[in-house]
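Worksheet for the structure shown next.
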């Protein structure tokens, strides 16, 4: 496993860094990637390069991190509300609107939901999102647009 690590650690790190632009997060997730790879080595079937398999594990770990971070940020926003200045009425309304949008986002199909979260919460470009899904920049743009249309349509029905 040491040899596999030596041959692939930089590849996985730079793959993660290209997606998140965060050195510390890339390092942490790279380490977690190899831990997960050791735990699930029996699932590697050799149909793709080992580095590709490791990058897929890394990508999924990054998605999980972003989803947890988005949820944590919403919880922290909720906890901050009572500490706001007396003019909280408008802020409470914005928080309620944000909660409603997040609930609607959760109803989207999985790929659409991930594209919306990556674009809106992580501020990734369409090109970067397309690369994460092994698709084109145009695919990411169209998927985001369609998700936005669904969210707008659902918003008018409430």
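The values are calculated or read from the model by the stated rules, or taken from the named source; none is laboratory data. Source: prediction; values computed, not measured. As a convention, Cβ positions derive from the backbone with ideal geometry for all residues, glycine included, and neighbour counts pool all protein chains shown.
Going through 64, 39, 56 one at a time, which residue ends up being at pLDDT 85 or above, closer than 22 Å to residue 127 by Cβ and out of contact with any strand residue (DSSP E or B) (no Cβ under 7 Å at 6 or more places or on another chain)?
Values: 64 fails: closer than 22 Å to residue 127 by Cβ; 39 fails: closer than 22 Å to residue 127 by Cβ.
Exactly one residue qualifies, and that residue is 56.
The requirement of being surrounded by 15 or more Cβ atoms within 10 Å (Cβ to Cβ), at pLDDT below 85, part of a helix (DSSP H, G or I) and not assigned by TED's automatic domain parsing to the domain that holds residue 121 is satisfied by residue 19. For beta carbons closer than 6 Å, sequence separation of 6+ or different chains, a first residue in the stretch 94-108 that is in the same structural domain as residue 153 (by TED's automatic domain parsing) and closer than 12 Å to residue 70 by Cβ and a second that is at pLDDT 75 or above and surrounded by 13 or more Cβ atoms within 10 Å (Cβ to Cβ), the qualifying pairs are 105/113; 105/116.
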